[in-house]
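Chemist: Starting off with a structure, shown below.
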Amino acid sequence: MGSALSDCTISADFTGEPAEQVLQVLAQLANGAVQRQDSVYQLTGKGCGY
């Protein structure tokens, strides 16, 4: 995660949810996006303070 995202504190229960759905939710909360290349996911965004 980038430095803007490192200040985000998110508490949630994603038990049983697919990884892609969890990443999409986290991206929305962090004002960002998820990028996937092969089996690698990258979460980018402005962070939680915006």
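Here, each number is a calculation from the coordinates, and none is a lab measurement. This is a predicted model, so every value here is computed, not measured. Here the Cβ is made from the backbone with ideal geometry for all residues, glycine too, and neighbour counts use every protein chain on show.
Chemist: Diagonalise the Cα gyration tensor of the chain and give the resulting equivalent ellipsoid semi-axes, square root of 5 times each eigenvalue, largest first, whole Å. List each step's numbers first, then the result.
Modeler: Values: eigenvalues 61, 42, 13 Å².
For the chain, the semi-axes come out at 17, 15, 8 Å.
Chemist: Here is a follow-up. Would you kindly state how much longer the chain becomes between Y41 and T15 on full extension, computed as 0.36 nm times their sequence separation minus their alpha carbon distance, in nm to one decimal?
Modeler: On the way: separation 26, 0.36 × 26 = 9.36 nm, distance 1.92 nm.
Stretched out fully, the Y41 to T15 stretch lengthens by 7.4 nm.
Chemist: In deg cm²/dmol and to the nearest 500, what is the mean residue ellipticity at 222 nm of the chain if only DSSP H runs of at least 4 residues count, each as -39500 (n - 2.57), divided by the residue total? Write out the running numbers ahead of the final one.
Modeler: Working: 1 runs with 11 residues, N = 50.
Rounded to the nearest 500, it is -6500 deg cm²/dmol.
Chemist: Further question on the same structure: Could you sort the peptides 23-30, 9-16 by per-residue average Cβ neighbour count (10 Å cutoff), highest mean leading? Display every interim value, and only then the final one.
Modeler: Details: 23-30: 16.5, 9-16: 7.1.
Ranking, from highest mean packing down: 23-30, 9-16.
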